Every structure is written in C-alpha cells, then in structure tokens.
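Q: The structure's right below; bear with me while I get my questions together.
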Amino acid sequence: MSQELLFAVEEVASVAREGFITNFMWLVPLLPFLSFFVILFFGKKLPGKGHSIGLFAVAAAFVISLIGFIDLASGAETVEKSFTWFQFGDGGESLKLELGMNYDFLAALMFVVVTFISLLVQIYSTSYMHDDSRYTWFYAVLSLFTCSMLFLVIANNLIQMIVGWEGVGVCSYFLIGHFWEEKPNSSAAMKAFLTTRVGDTGFMFGIFALFFAGRTFNITELNHAAETASISEGWLTAGALLLFCGAVGKSAQFPLHVWLPDAMAGPTPVSALIHAATMVVAGIYLVARMFIVFEHAGIALDVVAIVASITMLIAAVLALVQDDIKKVLAYSTVSQLGYMMAALGVGAYTAGIFHLFTHAMFKALLFLGSGSLIHAVHSNNMSDMGGLRKYMPHTFKTFIIGSLALAGIFPLAGFWSKDEILGGALRAGLDGGRFVGWVVFITGMIVAFLTAFYMTRACVKTFWGEYRGHGQPHESDGAMVTPLWVLAILSCTVGFLGIPVIGVFADWIFVPGEEHYGFSTFYNLVLPAVSVGLALSAIWLGWQMYAKDRFKVDILSSPFAWVYRFVENKYYLDDIYLRGVVKPIQYPIARASNWFNQKVIDGIVNGAAAGSVKQGRWVYKYLDQKGIDGVINGSAGLTGSTGGLLRYIQSGNVQRYAAVLFVSIAVFVALFAIV
C-alpha cells in the first residue's frame, strides 16, 4: 500500500515537472474576480456578510500560487500563451490585441506575495472592520483590487497590463476614500487618483511609442527587439522614459510621491495591502518586467537611479518629523520603494526584487501593527501613545521585529536585501565605472542611518515612557494578532533565501546577462558590517535622544529653524502643486470653461431648443392643424355629404326606384336616338 502511495506521489510530481499546473495559473486572478461579484450581489445575505467568500477565494488563489511557484522551482518550464482578442488589418501591418499570460519566476513570486498579504489582510480585517457600515463593500473591493493586481502581473502584453494597472488605481480610490463622509478622506482619494493619472498618461504614450517602433504590444517581443537592436536606441529611450512616468506615479517616486502619505486616510488594513506590498510595487514590477528595454535605452536606467536616489533620501528625512505613526510608515515606504527602484537603476535586478519580497513582509507587519495600536488607543498620533509595551505585548514584540528588519539589523530579512542593493550600487560604481552607482551607494548608506533613527524614534514614542492617551489600551484579539506573528516570523526568516553565494533567490529571479558574484570578503563581510554599524549607531542616538532625553536640540530656536520648517512643510511641494497647478486649473481655466459652457454651449443648445419649439409650434398650427388635419377633415366631410345624398336615393321606397328606372331608360333612349 505504501509503495502504491509513493508511486502516486511520484506521478503527481512528474505531472508538476511537466508544467501542468503552471498552465492553469489564470485561475489565480479569476478566483478573486468571481469573489467580487458574489460578494457585491449576495454578500449581505451570506454568513459573515461576504468576508467568507473573499477569504476562500484568496486562500485558494494563494495555494495555487504557492503550488505554481514550487512547480517552477521543481523544473517546470515557464509558460507564455495567449489568444487574439481582435485584430485590425491583415498581414504584417495588422494591429493585434491579445489576452494572455506570461508566467515565469517573477510573476510567480508576485503571485505568492500578493495573495499571501491579501489573505492576511482579509483575516485581520474581520476584526478591525467588524463594525463598519460598508463592511460587505469593503470586502468586495478588496477582492477586485487583488484580481486587478494579479491581472497586471500575469499580463503578457502592455495593453493587458494597463487594464490591470488602471484597475488597481480605481480600487485604491475606493479604498482610500472608504470613509468618504469626512472631506479629508475623499480629498486624499481624489489626490491619489489624479496624481497617479499624471504618471499613467506618460505610461500610455510609452506604450504607443514602443508599439510604433516595434509593431507589437507583447512584452517578451519588445524585450527581445531591444536586445537585438531591432528598435533604435532613440525610440527605446523615449519609450522607456515614458513608461517610467507610470512607475513614478504608481510607486510614489519623486516628484509624484505626494499622494502616498495622504492615502493613509484609508483603513489601516488597506495601507498594509496597497501601500506596502502590492499596488505601490506595480511601478517596480513594470521596470523589472521591461528591464531589457530599459537596459538598452540609453540614459533610461541612469534617470531611474537618480530619481530613486532623490526619492529615498527626501522621504527618509520627512519620516523624521511625523507624529502620525501611519505617515512615518508611509514615508518609510516611499523611501524603501526608492531603494528598490535604485537597485534596478544600477543593474542590481535580483537585489531590487529581493528587497521587494522582504519589504512586503516587514512593512505589512508594521502597518498592521500600527492598526493594532490605533485600534487600541483610537488615535494615529504617537503623542497620544507611550508605554504601550505593558498593555500590548504581542503588538510590541512584533512591531519591534518589523522595525529591526526595516532598519537592516542582522540577521533579519531587511539586512540581506538592503545590503545586496548597497553592494550592487558599489559594484556599479567601482567595477562598472558608473557615476550613478556612487550616487545610489552614498545615498543608500545615509538612508540606512536615517531609517534606523526614525524607527527608533517611533518605537520609543509609542512603547516607552508613560501612556499619554485617553481610556484604557488593550491588546488586540486573535484575528489581528495572528497575522502579526506570521509576518514577524517571516521577517526573521525569508532573508536567508538571499544569502550571498548559497541563497536560492538569485537562482529564481534573474535576467539574462546579470552577473552572479562569488564570495568576496569586502562585499560579503566588510560592507554589511559597516551598514549594520551605521544602523546600530542610529538606534543608539535615537535611544539617547528620545528615551534618555539627551542631546536635546531646540532647532526652532537655532539658525537652522528654516530647515525644519522646510521639511515640516514637505518641501512645499504640495503648495507648489496646489498654487501652480490646481488653483490655475480650478479658477481661471475651470471658470473660463464653466462660462463657455454656460454662455456659449448652453446658449447654442438653448437657442436650438427655442428655435425647435417655435418651429414646432408653426408646424403644428399650420401644417398639421390646417394642412394635414384640414385635408383629412375635408375628405371626411365630403364623404359625409356624399353619403347624405346617397341616403336620399337609397330610401327603400320601391315605387320611387321604379320611377327612377323608367326615367333613366327614357333619357338613355333619347340620347341614343340623338346620336
């Protein structure tokens, strides 16, 4: 019996190695898509108001994603297939739109991350959102968001990708503005939607530029055309930079990063899902998926690296002055997205994707941990917290683990991925002779210090000292604490997948031509030791300043007060956009458009309507009433008169009939005689 079971297991493994499972990965986005409709139409009548359907769908999607990943790791071939949606024209000049899938290790990794984080967020939300009046709608949109993100990931062409891309944008608008009754929340949703649309405009023009040059929307074909120089460098550069505009908007890179901190107006589970592990990494995924195009596109990667370096630095500085714990984490997310994008910019492709993977775990942990804190003290502000480690031990321990992982402390996950990026940047500068390599490396080291410092500040203000809030804080229930511990354990362990030389992550995620470096004392020992030393010194400094109340500096009374105000006002970027873009559109342009609409367009429409009414009245009075009705009524009157005459003839009097007959015959005979 055991031999038969072993044979069956071997048969299943054989089928898996042949790639049977990977051919059905389209089921992964389909499940949450179906879940969305079931919850939307029947959720309120179902047990749990629909969340059970959402949980089942995303759990099934996660299991299939995990099996598919194992399938690829076991030796199965990657899968790319599609069918033609519709086609314009014939032959080589035809325009063909496809619906397809491209399932490789990059897509498989994203599937696992998206479905796993979505599953934990939905479990967490059963408690956090329990009393919400739009609970069913919340779960419906979570399902649609997950579907859109997965549809984006599996796309084998840019048209299909932008459909999923816009889908996550619409869902983020719904989720950020979930509490739309309060104006700041609805304004934050609109700000996120409109800001990302600015970048998406560039994305669409990038798609058109690459199609014009390569005559295809297929991602694999475009990468191949770039590699074989079938597309000129000029068109590649233009297309890549325009695509990067979309990534700048969606992944909150400078100068379109301003929407992400305001997006914290949405429910905290939304922050963990959208702003830590899924939507905001869509831009990173886009650059990674089109990496060969970027690599052969002239200055494109240098631009990516410079923009990302600016992003990671300015966001880390902004995190230093926040009191809202979610905004600390929001600016931290912007900074870490800059790390990922910078890694791609210097050619450290595997390091960038590895940081995307590890960051999803510890940043989702931190966001969910902040939700647990907010749920307990009913405030986002760290000034209303303090001393919470005594009241919330599980949240405290898991939050500290997440903070240490984010700070890059050995041996937690963030240490391995952050140091791979720093090492890749230094190699690009030293070995590759690229100036941007030095820019990314120096900026990355500064940001590593700042990250450890602002997370120490946040932890001290939240968990140490005396409680400064109102009411009695308490630990969250099992539905919220369990995801925290799952993510905490993963934040401690997943980094080992990327250990240099012996880690398996580099075997999974790579691009053709990427160098795999062996062991180096400098890169594998000295550089990590320096970066960890920087992080530890930042933690010590933060502890001394905020826990021990030493090294106090009254910066507002110093000559550098303007620097603090400059940072506190977010570099005045919001003011520049408001007064330089929004107000000119809102007042002169919008008012002129309104005047033109009211006076000119409405005047034409109203004039045409008045003319039509007047003409209609004339037609009714003269043509209809006196013309058509006159003819009809006249015909009726003539018929009536004729009928009246006939009535006298057709009287029924036989003698009269006989007399008329004889008279008629006499007249006839007389006429005949004359003739």
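Values in this text are rule-based calculations from the coordinates and carry no lab data. All figures in this text were calculated on a predicted structure; none of them were measured in a lab. Cβ atoms come from the backbone with ideal geometry, glycine included; neighbour counts cover every protein chain shown.
Q: Going residue by residue through the stretch 352-373, is there one that turns out to be aliphatic (A, V, I, L, M) and surrounded by fewer than 20 Cβ atoms within 10 Å (Cβ to Cβ)?
A: Checked against the condition, which is being aliphatic (A, V, I, L, M) and surrounded by fewer than 20 Cβ atoms within 10 Å (Cβ to Cβ), the stretch 352-373 yields no hits at all.
Q: Six or more apart or on different chains, Cβ atoms under 7 Å: show the pairs whose first residue is in the stretch 352-365 and without any contact (Cβ under 8 Å) to a residue 60 or more places away in the chain and whose second is surrounded by fewer than 24 Cβ atoms within 10 Å (Cβ to Cβ).
A: Hits for this filter: zero, empty list.
Q: Another question, then. How many residues are on the phi < 0 side of the Ramachandran plot and assigned to a helix (DSSP H, G or I) when one looks only at the stretch 543-591?
A: Of the residues in the stretch 543-591, 34 are on the phi < 0 side of the Ramachandran plot and assigned to a helix (DSSP H, G or I).
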